[in-house]
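The values are calculated or read from the model by the stated rules, or taken from the named source; none is laboratory data. If you're wondering where the values come from, they're calculated on a predicted model, not measured in any experiment. When we count neighbours, we look across all protein chains shown, and the Cβ atoms used for this are built from the backbone with ideal geometry, even at glycine.
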Amino acid sequence: MSFRLKTILGIAMIELTVMALLIAINQFALGGSATAQLYQRAESTARVFSNAVSDAVIATDLATLDATIETALGSEELTYLRVRSPDGIVLSEGGAADALAVPFQRDASFDTARTDHVIDIDLAITVEGTTFGVIELGLSTLAVEEEIAAALRWNVIVAMIGMSLVAVFGYGLGSILTHQLSGLRQGAREIATGNLECQIRVRGGDELADTALCFNEMARTLSQDRAVLQSQRNTLLAKKERVGVIVDCMRQISKNEDGVTVPDTDRSDEIGDMARATVVFQNAMQAVEQARHEQQRLISAFDQLDEQVAIFGTTGEVLFLNRAFRAFNQPILETLPEDFTLELFLQAGCAADAFPDAGTNQAVWIKDQLAREHGTPQEIKRAPDRILLTVQTDVDGVGVVWSAQDVTELRHNEHQLIQASKMATLGEMATGIAHELNQPLGVIRMAASNCVKRIEKDKFDAEYFKAKLLRMGEQTERASQIINHMRVFGRKAEGTMEPFDLRASLTEMVTLARAQLQTLDVSLKLSLPEAGDGTVMGEKVIFEQVLLNLFSNARDAIDAQEGRGGTVQVEAKFDTPDGHVLRIMDSGGGIPDSVLDKLFEPFFTTKEPGKGTGLGLSISFGTIRDMGGLITAHNAGEGACFTITLPAAQVALGDETPAIAAE
Ligand code: ADP
């Protein structure tokens, strides 16, 4: 239903209701007053007629009565008149026959009167309290009804005219409104179809005109916004295209394709940022690729190593095992999960009896292994018969690198070298030892010859013989000691660490070497602390080889100097804060500064070919290191000074400690 029709119908309905109400009220008011007047008139007519006929009724003068009725009926309004006696007998009557034919019934209201268009009323004729008769009369209601009908007609006509005017006005108003609204509707439709340029005509200055202005403004704003959006969309599309190109580059880079050139790196917008970030990504990918290559090379390099390498992360988990490690430890690895730790590896090794060093207290041994000092090498035995030189290196940000070198053959060769070196030393010392042995032998020979001479002269002096025999015994003991020293020194090293007494070792080696040094006029002096035994852990015979080697070097240095003779001073201090400290100083002129840092390198020698091997100090260095100590060299006084620092053994030496004398 159109807005215009709704407007017209709405207004018409209101108008109709209002008019109906007005007519109803009007009719009600008009009807009320007209019928009231009619009733009044009927009542007053009855009273007047009563007065006029009262005498005739009292006198029962029927002729006068008829005449009076005849006269009264001259009024058009009066339909009938009747006079009855008090006992109801009709004394006289006149008027319309049909009205007279109906039995009298007083009308209580206008509505009952309307049924026959006559108001029926009655009135008693009373004189001084006595009723002489009753007057019944009927008054026509037609005039009043006609009046009311005429009024209704006029009301309806006025209402119809009013409604028509309102309908015309409603139609006009509706037309104007719908015209304006249809403009708006058309505009809205244009906008809905995308024509944001559309503007609607603005008529007048009312609210609709305002609405039209707002609509036009809205359309303009929408149009401008659309233009902005369009340009932004175009920009975005262009950017999307560039982004697509860069993303394509990224995809190629992530597939490690070579020769990818990233465009737009010189742009100053987000595309440029993205392009530059892609170049960074490309570089990072190349770096990653290179790192992967390097890692691969590193892994294959590690795999080429005979040395076992295992890398554990900061939380202890295994990161890398090289081929040598995997091959050597295959049986242990088979019992471990993928992500084992160094601790688990050691535990599994102990469980498989792979580490004889662990002994019975494996937990303590494992704990010690895990708490090992960074970079400190340690030899451990590996069942059944291997010796591994292991190092644990802490690497920042990585964890721990555990490496192990199989030094079984090396140690074997070293022992052989030491043995050979010892034999060489023994050979070197042979002259001195022979000289040393000659002395007691000479004394024995002299004593025996003196005894023989006494016997030949039959001089059997028991005291003399006893003294000579005791002397021979003493000298034999001395010779036996020297030979014992040589035997012990000549023994092969067994590779077992035991506690031994530095005091005894120093005394014995100084005794052994002294005679030999004396042949070159070199005096060997030993200065020991008054108390303490300087117990250390190690292999005594190998340690003694270190001392003899140092004495030999001192002797060679002194011998190489012009003019014969010199001194070698041996000093010992036990239980210092650094442990037991030994110093071997000589007057051999010292070591040139240029070679000081090469002294302990294997095969470094300044001696003539055939005389020096260059192994003495390097073997000594390894021996002292294996005992947990350190040997250093510097120049002091007239010559070189070698300092040996050894940790004090935590074990007290008992009576069962093997002693030279017991050999
Ligand atoms: P070798 O004695 O066979 O040369 P070493 O390893 O024992 O091998 O010694 C290496 C070198 O150290 C010697 O050749 C020598 O030059 C130097 N050296 C060792 N001890 C002394 C010393 N007491 N005085 C001066 N130089 C020394």
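Just to be sure before I move on: is Ile591 over 19 Å from Glu379 (Cβ atoms) and more than 8 Å from the ligand (Cβ to nearest atom) in the structure I sent? Don't jump to the end; show me each part of the working.
Values: over 19 Å from Glu379 (Cβ atoms): yes; more than 8 Å from the ligand (Cβ to nearest atom): no.
No.
Could you list, in sequence order, the residues of segment 546-560 that are out of contact with any Ser or Thr (no Cβ under 8 Å at 6 or more places or on another chain) and either within 22 Å of Glu508 (Cα to Cα) or hydrophobic (A, V, I, L, M, F, W, C) (or both)? Even if it seems obvious, please write down each step before you answer.
Filtering segment 546-560 for residues out of contact with any Ser or Thr (no Cβ under 8 Å at 6 or more places or on another chain) gives 551, 553-557, 559-560.
Matches in segment 546-560: Phe551, Asn553, Ala554, Arg555, Asp556, Ala557, Ala560.
Tally time: how many residues in segment 194-210 are surrounded by 12 or more Cβ atoms within 10 Å (Cβ to Cβ), out of contact with any Lys or Arg (no Cβ under 8 Å at 6 or more places or on another chain) and not in a loop (DSSP other than H, G, I, E, B)?
2
Under the condition of being within 13 Å of the ligand (Cβ to nearest atom) and not hydroxyl-bearing (Ser, Thr, Tyr), which residue from segment 641-651 is farthest from Phe543 (Cα to Cα)?
As a first pass, look at segment 641-651 and keep what is within 13 Å of the ligand (Cβ to nearest atom): 641-643.
From the residues that got through so far, the ones that are not hydroxyl-bearing (Ser, Thr, Tyr) too are 641-642.
Numbers: Cys641: 18, Phe642: 14 Å.
Filtering segment 641-651 for residues that are within 13 Å of the ligand (Cβ to nearest atom) and not hydroxyl-bearing (Ser, Thr, Tyr), the one farthest from Phe543 (Cα to Cα) comes out as Cys641.
Among the numbered criteria (1) polar (S, T, N, Q); (2) at pLDDT 95 or above; (3) under 30 Å from Val391 (Cβ atoms), which single criterion is violated by Gln545?
(2) is the only condition that Gln545 fails.
Considering only segment 474-494, I want to know if a residue exists there that is in contact with a Ser or Thr (Cβ under 8 Å, 6 or more places away or on another chain) and at pLDDT 90 or above.
No, that holds for no residue.
Hey, can you tell me all the residues within segment 614-640 that are of a type in the set (S, T, N, Q), within 11 Å of the ligand (Cβ to nearest atom) and surrounded by 18 or more Cβ atoms within 10 Å (Cβ to Cβ)?
Start the filter on segment 614-640 by keeping residues that are of a type in the set (S, T, N, Q), which leaves 618, 620, 623, 632, 635.
After this cut, where a residue has to be within 11 Å of the ligand (Cβ to nearest atom) as well, the list is 618, 620, 635.
Answer for segment 614-640, where residues must be of a type in the set (S, T, N, Q), within 11 Å of the ligand (Cβ to nearest atom) and surrounded by 18 or more Cβ atoms within 10 Å (Cβ to Cβ): Ser618, Ser620.
Out of the residues in segment 234-258 meeting the condition of being of a type in the set (S, T, N, Q) and in a helix (DSSP H, G or I), tell me which one is nearest to Ile271 (Cα to Cα).
If we take residues in segment 234-258 being of a type in the set (S, T, N, Q) and in a helix (DSSP H, G or I), then Thr235 is nearest to Ile271 (Cα to Cα).
Tally up the residues in segment 532-567 that are more than 30 Å from Met497 (Cα to Cα), aliphatic (A, V, I, L, M) and in a helix (DSSP H, G or I), please.
2
Please pick out the residue among Asp87, Asp98, Asp66 that is charged (D, E, K, R) and assigned to a loop (DSSP other than H, G, I, E, B).
Working: Asp98 fails: assigned to a loop (DSSP other than H, G, I, E, B); Asp66 fails: assigned to a loop (DSSP other than H, G, I, E, B).
The match here is Asp87.
Just name the residue that is surrounded by the most Cβ atoms within 10 Å (Cβ to Cβ) out of those in segment 551-585 that are over 16 Å from Leu617 (Cα atoms) and near the ligand (Cβ under 9 Å from one of its atoms).
Val568
Restricting to segment 577-608, name every residue that is of a type in the set (Ser, Thr, Tyr) and out of contact with any Lys or Arg (no Cβ under 9 Å at 6 or more places or on another chain).
Once the filter is applied, which keeps residues that are of a type in the set (Ser, Thr, Tyr) and out of contact with any Lys or Arg (no Cβ under 9 Å at 6 or more places or on another chain), segment 577-608 yields Ser587, Ser594, Thr606.
Looking only at segment 496-531, how many residues end up being in contact with an Asp or Glu (Cβ under 6 Å, 6 or more places away or on another chain), surrounded by fewer than 21 Cβ atoms within 10 Å (Cβ to Cβ) and in a helix (DSSP H, G or I)?
Of the residues in segment 496-531, 2 are in contact with an Asp or Glu (Cβ under 6 Å, 6 or more places away or on another chain), surrounded by fewer than 21 Cβ atoms within 10 Å (Cβ to Cβ) and in a helix (DSSP H, G or I).
Quick grid of which residues meet (1) polar (S, T, N, Q); (2) touching a residue at least 12 places away in the same chain (Cβ under 8 Å); (3) within 30 Å of Met509 (Cα to Cα):
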position	(1), (2), (3)
Ala352	no, yes, no
Gly375	no, yes, no
Ser403	yes, yes, no
Asp406	no, yes, no
Glu409	no, no, yes
Leu417	no, yes, yes
